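What follows is a single structure, written as structure tokens, with notes after it.
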Amino acid sequence: MTNYGAIPTSSHPSPPVDLEYISHVKHRLKAGLATRRPWRSMFDLESMTVPQGFLDAISRMKTNLVYFRANYAIAVLFMLFVSLLYHPTSLLVLAILVVFWIFLYFLRDEPLVLFGHQVDDRTVMISLSALTIGMLLFTHATGNILGSLLTAVVLVLIHAGVRRSDNLYSDEEAAAAAETSGLASYPSS
């Protein structure tokens, strides 16, 4: 007798979802994004001034590149993403490579072990960098990639040079105090 209206069931139970791992990944992503500074603070027009000289510009760049490093990384990745919009193959390759970077480099707590041998972080970074460059060059979007990266670096350095850095840490202390008192004027997510 056949049962035409029955819903087929699998005799094998579905694999359990590793909620602890998902929670760990979520925590690591939040911790990584926590280093991002408020965009409002980054683009505060009152803090944009021409440096008084070359040494002042270099000092500002050093401070701002460290202070806004997560914001700058997001901006560079966004510019790279935009430059690849008309190259869907490159965009797909970049998305796959970002997944590799996230899981093999950024979210890894323990050393990577391949074939019984421990691989250090430097080797992983060099290997992923070479793979990323090679795969993106293979997609024939070299001009777009190099052009967007050069543009992004120039814009980041200009911003880092003209953004005053003397008020950064006082802004951070004020923001931390406002967040702990519940009076934050901007979202901290």
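Remark: spin-label model distance Leu157-Leu19 equals 5.1 nm, labels positioned 7 Å along the Cα→Cβ axis. Run through every distinct alpha carbon pair of the stretch 49-166 and return the Kirkwood hydrodynamic radius in angstroms, one decimal place. Averaging 1/r across every pair of different Cα atoms and inverting gives 16.3 Å. Where the alpha-carbon atoms of the stretch 72-133 are placed on the principal axes, they occupy 42, 24, 15 Å, in descending order.
Taking the square root of 5 times each eigenvalue of the Cα gyration tensor, what semi-axes in Å does the equivalent ellipsoid of the stretch 39-103 have, largest first?
Numbers: eigenvalues 206, 35, 25 Å².
Those come to 32, 13, 11 Å.
Of the residues His140, His117, ranked by 1.4 Å probe accessible area with the largest first, the sequence reads His140, His117.
Once the Cβ-Cβ distance between Tyr86 and Phe43 is put in as r, and R0 is 25 Å, what FRET efficiency do you end up with, to the nearest 0.05? Show your work: numbers first, answer last.
On the way: r = 28 Å, r/R0 = 1.10.
With R0 = 25 Å, the Cβ-Cβ based efficiency is 0.35.
The residues of the stretch 51-139 have, on average, 67 Å² of accessible surface per residue, using a 1.4 Å probe with all protein chains present.
Within the stretch 49-166, what whole-number % of the accessible surface is contributed by carbon and sulfur, with the 1.4 Å probe and all protein chains included in the calculation?
Carbon plus sulfur share of accessible area: 75 percent.
Of the listed residues Thr139, Thr151, the order by accessible area with a 1.4 Å probe, largest first, is Thr151, Thr139.
The values are calculated or read from the model by the stated rules, or taken from the named source; none is laboratory data. Note that the structure is predicted; figures quoted are calculated from it, not measured. Neighbour counts run over all protein chains shown; Cβ positions are idealised from the backbone, glycine included. The area values use the complete protein model at the heavy-atom level, side chains included, leaving out ligands, DNA and RNA. Shrake-Rupley method; radii C 1.70, N 1.55, O 1.52, S 1.80 Å.
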